[in-house]
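The values are calculated or read from the model by the stated rules, or taken from the named source; none is laboratory data. In this text, all values refer to a predicted model and were calculated from it rather than measured experimentally. Virtual Cβ from ideal backbone geometry, glycine too; neighbours counted across all protein chains shown. Accessible surface is based on the protein model in full, side chains and every heavy atom, while ligands, DNA and RNA are left aside. Shrake-Rupley method; radii C 1.70, N 1.55, O 1.52, S 1.80 Å.
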Amino acid sequence: MLTNKIMMERDLANIWHPCSQMKDYETLPFIPIKSGKDAYLYDFDNNEYLDAISSWWVNLFGHSNGYINTKIKEQLETLEHVIFAGFSHESAIRLAERLVSLTPQKLQKVFFADNGSSAIEIALKMSFQYYKNSGEVRDIFISLENSYHGETMGALAVGDVALYKEIYNEILIKTVQAKSPALISEEEALLSMEALLKSYDGRVSAVVIEPLVQCAGSMAMYDATYITKLRALCDQYGVFLIADEIAVGFGRTGTLFACEQAEITPDFLCLSKGITGGYLPLSCVMTTDDIYQAFYCDYSEGKSFLDSHSYTGNALACAAANATLDIFENDNVIEKNKAKIKKIAKMLEPFKQLPNVKEVRQRGMIAAIELEGYQSEERIGLQVYQYALQNGVLLRPLGHVIYFMPPFIINDIQIEKMIDIAYQAVKKIAR
């Protein structure tokens, strides 16, 4: 009979886990998961865990969703994968058509990849090569302080979370960071951005942001008005705007895409995570026909965009993505989430009275509680994580910030459990 202990021993014999100090597992056992259903995960010892973080922000409609399962099985019977250079298939074509219809009108072209970091790399490369194809070398990218865009080398370069980036500084591409509107006033942040655009005038390929929520940056949040004004600044200085909606897209901030709240069109829109409902790796970069035309030429001109991934446009992943969009369309998800957003907001109110809570913040279905009064070596987040697991809830705090990003199928009773367990944990460690 398989147990947690047996599975842990087998795992540690061969697997190196992400975002982990493996030595921690000597005293902090990880959880081998046997199965998942709806909002819950189940381990080999028959314990259940409410997945309050959507398994790293990807799962939108629950584990082992019956409808998505069916659509993947249907696709499996006809085509699992085909090379996407010189070939295509119906699931990818249909998905691209639907994404174009759902996003701002100017976003007419879809370039597929297989993960969020790759999508960022593609947007950076496209923006740089656009100018190179026109005879310009624009060697600078601007991002925001406290930002996170992935962990491949280009994505790391435009990020600003030292934990991930600092060790690689010597080998990263050239980037500069403007002040983040999530950390200072919007006016100061815009002045910082404009100062950089002036200073590097003619050298900047693109500005890249996470609209509304800097997720890995401790769930720091800011208003849509900054994005609206940033769009105008990018237009003024003739640089592209890359919207990294890998984490915040597909309903997380209360609208299907965060940029909707700013009423702007980015030059590049990067999507991943929830695009397949958490089932399979897939990402895409959406861009304008004007940008597409800068690469459209006779082969001998050497302006082609030569970025490729073995699993680009994977048929099974596209089937999962189309099923995910079906659920949004048929179940009126965005509208139904409004009641859940209000429920979460109401449940968060008691945290504001706790002495160790600095701030409570929320954007749509993303909420965060920032703690204060602790040193980093105390690993307060780890204490909250352990307490929650012992009480059947999967939380994974970012340092001293506890956050919730549950699947959209979560019900009122589960919301109450998720937030009540977090409240008990925070109250327990208060001084």
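Miscellaneous remarks
- Averaging the Cα positions of each part gives two centres, and for the range 26-43 and the range 45-107 these lie 23 Å apart.
- Where only alpha carbons of the chain are counted, the Rg and the Dmax (Å): 21.8, 69
- Working note: Karplus 6.51/-1.76/1.60 with θ = phi - 60° gives the range 202-212 the couplings x, 10, 8, 7, 7, 9, 10, 9, 9, x, 6 Hz, where Gly and Pro are set to x.
- Note on the range 313-431: Rg/Rh from C-alpha atoms, Kirkwood Rh, equals 1.06.
- Three-way shape label, the range 138-297, alpha-carbon gyration tensor, a/c 1.5: rounded
- 3J(HN,Hα) from dihedral phi, the range 291-308, Karplus parametrisation 6.51/-1.76/1.60, rounded to Hz, x for glycine, proline: 5, 4, 5, 5, 9, 8, 6, 5, 3, 5, 6, x, 9, 5, 8, 9, 10, 9
- A straight line joining the Cα centroids of the range 259-276 and the range 315-360 runs 17 Å.
- Restricting the range 331-431 to GluC sites (Glu not before Pro) that sit in a DSSP loop and have at most 14 other Cβ atoms within 10 Å of their own Cβ leaves E372.
- Those GluC sites (Glu not before Pro) in the range 1-83 that DSSP places in a loop and that have at most 12 other beta carbons within 10 Å: E77, E80
- In terms of accessible area, using a 1.4 Å probe and ignoring ligands and nucleic acids, F408, F128 rank largest first as F128, F408.
- Database remark: amide H of H149 closer than 5 angstrom to the amide H of G159, D160 (H placed geometrically; neighbours at sequence offset of 5 or more, or on other chains; Pro and chain starts carry no H).
- Amide H contacts of A178 (H built 1.01 Å from N, in plane; Pro and chain starts excluded): S143, L144, E145 sit under 5 Å, all sequence-distant by 5 or more or on other chains.
- Cα gyration tensor category, rounded, prolate or oblate, for the range 229-316 with a/c compared to 1.5: oblate
- Shown for the range 279-325: the carbon plus sulfur share of the solvent-accessible area, taken with all protein chains present and a 1.4 angstrom probe, equals 50%.
- Solvent-accessible area, 1.4 Å probe, carbon plus sulfur percent, for the range 358-430: 44
- Its relative contact order, with pairs defined as Cα atoms under 8 Å and 6+ residues apart, puts the range 276-431 at 18 percent.
- Each Cα pair under 8 Å and six or more residues apart adds its separation to the average, and for the chain the resulting relative contact order is 20 percent.
- Springs join every pair of Cα atoms under 10 Å in this Gaussian network model of the chain, and among N69, N332, N322 the largest mean-square fluctuation is at N332.
- MRE, 222 nm, helices only [DSSP H, n ≥ 4, -39500 (n - 2.57), over the chain, to nearest 500]: -11500 deg cm²/dmol
- Close amide H contacts of L241 (hydrogens built in the peptide plane, cut-off under 5 Å, sequence separation of 5 or more or a different chain): V207, D267, F268.
- Flagged links, alpha-carbon separation over 23 Å, of K109/K273; K37/K346; K273/K427; K273/K336; K229/K352; K343/K417: K37/K346; K273/K427; K229/K352
- For the range 119-226: rounded, prolate or oblate by the Cα gyration tensor [a/c cutoff 1.5]: oblate
- Distance between the range 368-395 and the range 187-207 - C-alpha centres, whole angstrom: 37
- All lysines inside 18 Å of K174 as judged from Cα atoms, apart from same-chain residues fewer than 8 positions distant: K125, K132, K165, K198
- Here is the tail figure for the range 2-105: Cα pairs spaced more than 19 Å apart come to 65 percent of all pairs.
- Residue-by-residue Karplus 3J(HN,Hα) for the range 142-156, coefficients 6.51, -1.76, 1.60, Hz, glycine and proline x: 10, 10, 9, 4, 6, 8, 9, 10, x, 10, 6, 5, x, 5, 4
- With protein chains left intact and a 1.4 Å probe, residues in the chain average 47 Å² of accessible area per residue.
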